[in-house]
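For reference, the structure is listed below as structure tokens.
The values are calculated or read from the model by the stated rules, or taken from the named source; none is laboratory data. Remember, predicted model here, so these are calculated numbers, not experimental data. Ideal geometry is used to build each Cβ from the backbone, glycine not excepted, and the neighbour counts take in all protein chains shown.
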Amino acid sequence: MNRKPFRLPRSVRNWTSIMGAALASVSLIFIIFLFLISVVFDAGSSYLGIFIYIILPIFMIIGLILIPVGMLITSRKQAKAGAEKERLKWPSLDFNRPEIRNATLIFGAGTLVFILLTSVGSYEAFHYTESVEFCGKLCHKVMEPEYAAYHLSSHERVKCVDCHVGSGANWYVKSKLSGLYQVYSVMFNKYPRPIPTPIHNLRPARETCEQCHWPQKFYDRKMRMKRSYIADEANTEWDIQLLMKTSATFSAMGLQEGIHWHINPDVKIEYRVHPEDPQSIPWVRFSNLKTGESHVYTDPDSTIIPQALEMQEIKLMDCMDCHNRPSHNYLPPQNFIDEAITAGTIPHTLPDAKIIAMQVLIQDYATRDSAFLSIEKQVQEYYKLMYPELMEEKKADIAQTIKAIQDGYSRNIFPVMKVKWNVYPLHLGHLETKGCYRCHNDKHKSDTGRIISRDCKLCHNIMAQGRPGEMQFSQSMESLEFQHPVNINDAWKTKLCSECHHQLY
């Protein structure tokens with residue numbers, strides 16, 4: 001029996017359909033090839049996923065669309081030229097005609113394969129766009145500071161979307177819509193440097209943070225040891241041990257006192273921010289939800305006029321008002337240099353190590369490369385001038401110090417995006433920024449004369465402090481009076497820590 005040759009409709013014989021079929025076929029081949037590379041050989045980068053699950057599928061779909069478009073255009077041209085006796089309004093599915101039968105078979109099988117690939121691809125594309133790699137590496141220059149700080153945080157195993165989006169379709173759709181503008185901004189270089197904060201319209205912290213951090217199940221008080229070094233020739237060590245009053249003395253008392261009292265379910269704390277200074281909070285309202293007691297505290301030194309203050313949004317205090325940088329904290333130079341000396345990456349015995357580190361890190365540099373070159377040059381010249389006899393004896397220590405300063409710089413300062421610690425201040429604490437002192441400054445008063453106290457012992461007790469061998473220790477659970485590492489008399493009692501520490505670095 002003679003078989004008729006395999007034939008397709010004449011309308012498929014056009015350049016548009018042929019180019020579409022070629023584009024779809026080549027895209028599919030590349031998708032399979034790159035997928036095998038990423039899975040079998042465990043190779044690839046953040047951009048590989050973009051090509052596999054987003055870019056190449058788009059080209060494949062365009063190619064598949066071009067095939068019927070070309071066929072339709074050709075059919076109409078043939079009809080107008082009189083190639084067919086009658087122009088049908090609806091296609092005739094006559095399976096006795098080999099070309100119709102073959103086209104239907106190819107279209108049906110192709111559709112099933114395409115639906116299968118689309119389902120798998122859509123699933124993988126969804127998960128890829130939810131990944132940390134996608135968030136941090138795709139827009140490398142823009143997100144480099146956040147990505148670097150994220151990997152140094154305690155939330156490194158928590159995916160970005162778990163905090164920035166959370167569960168539920170509503171916030172997922174919102175995030176994807178806002179992401180469209182972000183893609184546009186990156187593609188056309190429209191994004192500001194640095195990215196301004198606070199970010200508005202974020203999901204409330206109580207809907208994300210509290211999925212893991214449960215306020216009703218809190219930790220008892222915590223002992224914290226901080227080691228720092230004075231900027232002198234000997235890099236003099238200074239230690240302080242703090243008992244952090246995160247909650248009540250006894251866990252059975254619940255959230256009746258301590259730092260986490262602010263999120264007591266029976267308490268509501270609201271505030272207004274100065275429109276020109278996010279670090280200034282001129283208005284606070286405390287409400288006891290059980291007793292109905294309420295007090296409004298205002299700062300008489302605030303520069304905002306009462307009418308303008310009334311127009312400001314009233315915000316409800318939550319975890320993020322203190323823990324505002326839980327995953328993207330950029331350390332000030334004195335802190336990451338102290339950590340480097342403690343870890344031994346900067347030799348403690350190298351004279352003036354802290355001094356020269358501070359001198360080179362308080363300067364602004366245009367790029368990371370220029371910063372690295374300048375750091376190396378300045379450190380070398382400093383020791384040539386101040387300690388020429390150590391240039392050979394301490395050569396390895398000097399080189400090690402240079403590398404440690406450069407490493408600390410690369411993890412905390414990002415000149416291209418103009419990001420460093422004082423651009424995105426941390427509200428937890430009060431040393432380099434106002435932090436707690438935004439409200440706890442002895443200035444906020446109510447009409448009845450109540451004040452929001454600045455007493456340090458509300459949050460912590462000093463259990464030990466001083467230089468090694470000269471430490472002061474508390475003989476009971478009572479706090480020692482703070483002793484400043486450098487003699488500044490009693491200035492620390494009247495001035496905010498950030499007034500000096502912010503200006504220095």
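Key figures
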{"read-out": "Condition met for LEU309 (closer than 23 Å to THR448 by Cα and modelled with pLDDT under 95)", "value": "yes"}
{"read-out": "Residue match in region 481-490 (condition: among the hydrophobic types (A, V, I, L, M, F, W, C) and either touching a helix residue (DSSP H, G or I) at 6+ places or on another chain (Cβ under 6 Å) or under 26 Å from MET320 (Cβ atoms) (or both))", "value": "no"}
{"read-out": "Helices (runs of 4 or more DSSP H) within region 108-223 that include 3 or more residues touching a strand residue (DSSP E or B) at 6+ places or on another chain (Cβ under 9 Å) and modelled with pLDDT of 80 or more", "value": "140-150"}
{"read-out": "Cβ-Cβ under 8 Å pairs, at least 6 apart or on other chains, region 262-276 side closer than 16 Å to SER294 by Cα and among the aromatic types (Phe, Trp, Tyr), far side modelled with pLDDT of 90 or more and exposed (fewer than 15 other Cβ atoms within 10 Å of the Cβ)", "value": "TYR271/ILE314; TYR271/LYS315"}
{"read-out": "Residues (hydrophobic (A, V, I, L, M, F, W, C), surrounded by 14 or more Cβ atoms within 10 Å (Cβ to Cβ) and part of a loop (DSSP other than H, G, I, E, B)) located in region 472-505", "value": "LEU480, LEU496"}
{"read-out": "Of residues in region 366-381 being closer than 15 Å to ASP407 by Cα and surrounded by 15 or more Cβ atoms within 10 Å (Cβ to Cβ), the one nearest to the chain's Cα centre (by Cα)", "value": "ARG368"}
{"read-out": "Residues (in contact with a Pro (Cβ under 8 Å, 6 or more places away or on another chain) and under 30 Å from GLN307 (Cβ atoms)) located in region 245-272", "value": "ARG272"}
{"read-out": "Pair list, Cβ < 9 Å and 6+ apart or interchain, from region 181-203 residues that are at negative phi and surrounded by 11 or more Cβ atoms within 10 Å (Cβ to Cβ) to residues that are outside any loop (DSSP other than H, G, I, E, B) and among the acidic types (Asp, Glu)", "value": "ILE195/GLU146"}
{"read-out": "Qualifying residue in region 408-431 (condition: part of a helix (DSSP H, G or I), basic (Lys, Arg), modelled with pLDDT of 90 or more and closer than 26 Å to GLU339 by Cβ)", "value": "yes"}
{"read-out": "Boolean, ARG325 is within 30 Å of HIS151 (Cβ to Cβ) and either crowded, with 16+ Cβ neighbours inside 10 Å or in contact with an Asp or Glu (Cβ under 8 Å, 6 or more places away or on another chain) (or both)", "value": "yes"}
